[in-house]
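Have a look at the structure below, then the notes.
Computed from the coordinates by the stated procedures, all read-outs in this text should not be read as laboratory data. Owing to the predicted nature of the structure, the values given are computational and were not obtained by experimental measurement. Reconstructed Cβ throughout: ideal geometry from the backbone, glycine too, with neighbour counts over all protein chains shown.
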Amino acid sequence: MLLARWMFSLEQTTAGRILFGRTAWMWFYRFRRFRSGAIDMGDVRFENDPIIPGLWVRSEGRVPNYDIVLFWIHGGGMVTHSPYMYLEFMTALVTSLHMQGFRSPAIFMLKHSYAPEHPFPHQLDEAAVAWNYLQKEHPAANFVFAGDGSGANLALSLLLHLTRPCLGVTECLTNVKPQAALLLSPWPNWKTSMREETENCYFSAFHLRRYRNYYIARAKETSPYFDLSCVTSLSWWKESFPEKGMYLIYGTEEMFANEIEELYGVLRLCGPIKIDGELRQIHCWPITTHFLARDEYVRGAGVFAIALNLGKMLIWGNDVK
């Protein structure tokens, strides 16, 4: 936890981008695989997409036509992080999806641009362009919009954009929606006033305020594509809701816990959705515990829960409620 707090205390537009970037995390990823004896084990591979800035994590030995593609938008407040810091987690998730019965799962992690160089709604535009590309290249796949933290916020914004396009953002070529959505600790809004911080979580109102100031001009803060609490129309959510449902997972100790529960209260009126609030856990706990927990069961709990619920929705057709 002290490590996580120190990492988030850095100036994210400089030192933070170096620490969370490709070079540092590729060394970290290789070291952890070597230490676990898995440096040359398994057929899960990662590679850059030749057209859209993004990273694929997939299984080499499986059939070429994916039966599930997670379109993942990473967190970091649109200011920092990179797909490379998720490689170990995503490799474990692809393996777990195999075990749940998916024949050829794949994950595409978007490499979006950073603020303040590219403020809102630039990242939403990049996500819309990537969605058009993924649909064209893999028409038979079951797609899942997924993200963690601010990336989960952007995944929900993209769902809203599909049905009612945001001005100045690339329109989606078809009105086809993803089959499901996976949301890890989404940011329902970016407000910091009267926000209750929690002692055990590494993420604070100070970090949120800094990211917001980098990401968006004050005049645009009421945009529903930025602040989901500004979406007052249930019909808009119903139009945008994935057919198979949503899976929302968060930690009860995180700063956003109350607002995530309020968001769930709205979304449950619009379609099938399951929420899992893990007791005594923190922001984006499936990812942080996978990196930091010592117990193997605890490390894999979040990965297993995600794969299990995606299997229920997309393979068995079970109601996720």
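What to note about this one:
- Dividing the helix sum by the residues of the chain, where each DSSP H run of 4 or more adds -39500 (n - 2.57), gives a mean residue ellipticity at 222 nm of -12000 deg cm²/dmol.
- Under-27-angstrom lysine pairs by C-alpha in region 2-314, whenever the two are 8 or more apart or on separate chains: 23
- Segments 291-299, 208-216 sorted - mean Cβ within 10 Å per residue, highest first: 208-216, 291-299
- When its C-alpha radius of gyration is set against 2.2 N^0.38 Å (N residues), the chain gives a value of 0.92.
- Relative contact order of the chain, defined on C-alpha pairs under 8 angstrom at six or more residues apart (%): 17 percent
- Protection proxy ranking, highest mean first, for peptides 97-107, 134-144: 97-107, 134-144, where packing is the per-residue count of other beta-carbon atoms within 10 Å, averaged.
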